[in-house]
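Student: This is the structure, below, for whatever I ask next.
Readers should treat all values here as calculations from the given coordinates under stated rules, not as data from a laboratory. Keep in mind the model is a prediction, meaning the values are calculated, not measured. Here the Cβ positions follow ideal geometry from the backbone for every residue, glycine too, while neighbour counts run over all protein chains shown.
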Amino acid sequence: MKTILWLREDLRLYDNLALNQAAADGEVIPVFFYPEHLGGASYWWLHHSLSRLAEQFAEHGVTLILRTGDPARVVLKLCEEIGSTKVVFNRVYSSRGMAQGQAVKQALQGADIECQSFNSQLLFEPGKIFNKQGTPFKVFTPFWKHCCAQLQPPAPQAFTTLKPVGDQPDSEQLSDWGLLPTRPNWAQGLADTWQPGEAGAQQRWQEFLNDRIQGYKEGRDFPEREQTSLLSPHLTFGEISPRQLWHDTQEAMASGLVDASNGNKFLAEIGWREFSRYLLVHFPQIETEAFNQKFADFPWKNSAKLLKAWQKGETGYPIVDAGMRELWHTGYMHNRVRMIVASFLTKHCLVHWQSGMDWFWDTLVDADVANNTASWQWVAGCGADAAPYFRIFNPILQGEKHDKLGVYVRRWVPELKKMPNKTIHQPWTADEETLAEAGVKLGKDYPRPIVDHADARAEALAAYQAIKSSS
Ligand SMILES: Cc1cc2nc3c(=O)[nH]c(=O)nc-3n(C[C@H](O)[C@H](O)[C@H](O)COP(=O)(O)OP(=O)(O)OC[C@H]3O[C@@H](n4cnc5c(N)ncnc54)[C@H](O)[C@@H]3O)c2cc1C
């Protein structure tokens, strides 16, 4: 049997359920459709990931077919072209992903072509998980407790060899898709930081599991330490399976190589990823609206000037600027710093969380519709199980706590590298002599704060009070 394997957010060979089904059926024709909705950094990643995947398939004599157009229409055309009677794919748990999957199934049904789909993106099937009242969970901790106690993710499936089809269908050229930036090429920092593709994902995972996971629980909050897994873009593009992470971590804990507090903390973060997708499945409106409807009337100020300063890393708050510059340079930002910059934009600047989310969407290599939406709403205080709105991060104290010696700030904001530790997180409080010795002229070499922390905090609380009392 010739089976079409429709690839999407599952760019890997190992533990890929749809791929294994296609291989078991007979000859495999993998196809990937041009996605129209990604941001710039994701397109950069996608180019390299597809290029690696095509090489992996080529080792088995199989060609990765690239096509443009509506998947439902083109997959049907492809079936007719090559005489295929079956299509398999892994489900993508987002509004767009589920709608596309549904459309493909319907189109194939009409043409009497078999279609099978699988869950290879998540540990647990979101549509099957409910609380005791039979309604969807809205709070992470009971959700995750329920998942861990009641369900057991199946073990990862080994990769089986592939059988190519005799007559390969035509493919578009990856280079013609124009996914890489050219003028200017802003992606050099991304290339220096990442190795997209399954081999890069497995390498990152082994490095983390053999070393950095010990110390994860305590160290994950300090951006200058490379203590987290750095797997997020690999997970976003499906280059590594969450079931592998789950089972490898369980084994490492059982054999005593990883202690339970670190292993379980890491798995709980994978749990947050599950929860974000779960929320999208049960509350799809949160991709565009606040989960907490009270926030529909929030008096955002949406200053274009403040948004621009934030995007460029020129807010005058060193930990915020360091994060935004790390993002621009590498396509990544440490989780603690993501929380600080998101809080700063939504609460200090009163800019709508969607503007921040859009910027992240365009600049993150791990841009993920579920994690991005849920996390922005979590920080802004309007999400499911969100941080309370009145908890406003103080960017100075956050810097002093999580980057005590200013190592992270000095790395990404080099104009402050000679500032002493005492004032590195609030250079505007340094006296003239200290600033002169550090070679910093405020307002020239480094900006003065674009908002005053105490005033901005008071204004944010008043705005929140307004929607609270109007309900
Ligand atoms: C405002 C904001 C926006 C974010 N946008 C994204 C995004 O677009 N894509 C994305 O993958 N993550 C996003 N995150 C979550 C988190 O910051 C990243 O997943 C994490 O920093 C990735 O680094 P890591 O792989 O080393 O994480 P680790 O600490 O090693 O965690 C392992 C994996 O767990 C998942 N994970 C970790 N933290 C979270 C979380 N809070 N919510 C959901 N899943 C999580 C990720 O898949 C991550 O790769 C966002 C967080 C914030 C505060």
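Student: Work out, step by step, the length gained on full extension between residue 455 and residue 221: first 0.36 nm times the residue separation, then minus their alpha carbon distance; give nm to one decimal.
Tutor: Numbers: separation 234, 0.36 × 234 = 84.24 nm, distance 2.75 nm.
Gain on stretching residue 455 to residue 221: 81.5 nm.
Student: What FRET efficiency comes out for residue 283 versus residue 335 if R0 is 25 angstrom and r is the Cβ-Cβ distance? Round to the nearest 0.05.
Tutor: On the way: r = 23 Å, r/R0 = 0.92.
Result of the calculation: an efficiency of 0.60.
Student: Can you tell me what the convex hull of the Cα atoms of segment 2-121 projects to on average, as an area in nm²?
Tutor: Numbers: hull surface 27.6 nm².
That works out to 6.9 nm².
Student: Is any residue of segment 348-366 close enough, with backbone N under 14 Å, to a label point placed 7 angstrom from the Cα of residue 462 along the Cα-Cβ axis, and if so, which?
Tutor: The answer is 350.
Student: Taking amide H atoms as placed 1.01 Å from N in the peptide plane, list the residues 5 or more away in sequence, or in a different chain, whose amide H sits under 5 Å from that of residue 115.
Tutor: Long-range HN contacts for residue 115: 87.
Student: OK, next. Compute the angle between helix 453-470 and the longest alpha-carbon principal axis of the chain, please, reported from 0 to 90 degrees and rounded to the nearest 10.
Tutor: The helix 453-470 is inclined about 60 degrees to the chain.
Student: Between residue 37 and residue 182, what FRET efficiency comes out of the Förster formula 1/(1 + (r/R0)^6) with R0 = 30 Å and r the beta carbon distance, rounded to 0.05? Walk me through the intermediate numbers first.
Tutor: Details: r = 21 Å, r/R0 = 0.70.
Computed FRET efficiency for residue 182 and residue 37 comes out at 0.90.
Student: What whole-number distance in Å separates the alpha-carbon centres of segment 175-202 and segment 10-47?
Tutor: 17 Å
Student: Could I ask something else about it? Using the beta-carbon distance between residue 293 and residue 152 and R0 = 41 Å, what value does 1/(1 + (r/R0)^6) give for FRET efficiency, to the nearest 0.05? All intermediate terms of the calculation are to be shown ahead of the outcome.
Tutor: On the way: r = 36 Å, r/R0 = 0.88.
Efficiency, rounded to the nearest 0.05: 0.70.
Student: What's the angle, to the nearest 10 degrees (0 to 90), between helix 318-330's Cα axis and the longest principal axis of the chain?
Tutor: 30 degrees
Student: Could you give the length gained on full extension between residue 432 and residue 211, defined as 0.36 nm per residue of separation minus the Cα-Cα distance, in nm?
Tutor: Details: separation 221, 0.36 × 221 = 79.56 nm, distance 4.48 nm.
Gain in length upon complete extension: 75.1 nm.
Student: Once both labels are modelled 7 Å past Cα along the beta-carbon direction, what's the residue 51-residue 171 spacing in nm?
Tutor: Taking the two extended label points, one gets 1.4 nm.
Student: Could you work out [θ]222 nm for the chain from helices alone, using -39500 (n - 2.57) per DSSP H run of at least four and dividing by all its residues? Round to the nearest 500 deg cm²/dmol.
Tutor: Values: 20 runs with 221 residues, N = 471.
Roughly -14000 deg cm²/dmol at 222 nm, from the helical runs in the chain.
Student: Under a point-charge model restricted to the Cβ atoms of Lys and Arg (+1) and Asp and Glu (-1), what is the dipole moment magnitude of segment 293-470 relative to its Cα centre, in debye to the nearest 20?
Tutor: The calculation lands at about 120 debye.
Student: Roughly how many whole Å is it from the C-alpha centroid of segment 397-471 to that of segment 368-384?
Tutor: 25 Å
Student: What's the local net charge at residue 167, with K and R +1, D and E -1, over the other residues with C-beta under 15 Å away?
Tutor: Details: positive: 2, 163; negative: 27, 80, 81, 170.
Spelling it out: positives minus negatives among the neighbours equals -2.
Student: Also: Between beta-carbons, use under 15 Å as the cut-off and find the net charge around residue 390, counting Lys and Arg +1, Asp and Glu -1. It would help to have the intermediate numbers written out before the result.
Tutor: Working: positive: 294, 347, 391, 457, 468; negative: 459.
Computed value for this residue: +4.
Student: Could I ask something else about it? Contour minus end-to-end for residue 118 and residue 302, with contour as 0.36 nm per residue of separation and end-to-end as the Cα-Cα distance? Could you put the intermediate results ahead of the total?
Tutor: Details: separation 184, 0.36 × 184 = 66.24 nm, distance 4.19 nm.
Length gained, residue 118 through residue 302: 62.1 nm.
Student: When the expected Rg is taken as 2.2 N^0.38 Å, what fraction or multiple of it is the alpha-carbon Rg of the chain?
Tutor: On the way: Rg = 23.8 Å, N = 471, 2.2 N^0.38 = 22.8 Å.
Dividing the Cα Rg of the chain by 2.2 N^0.38 Å gives 1.04.
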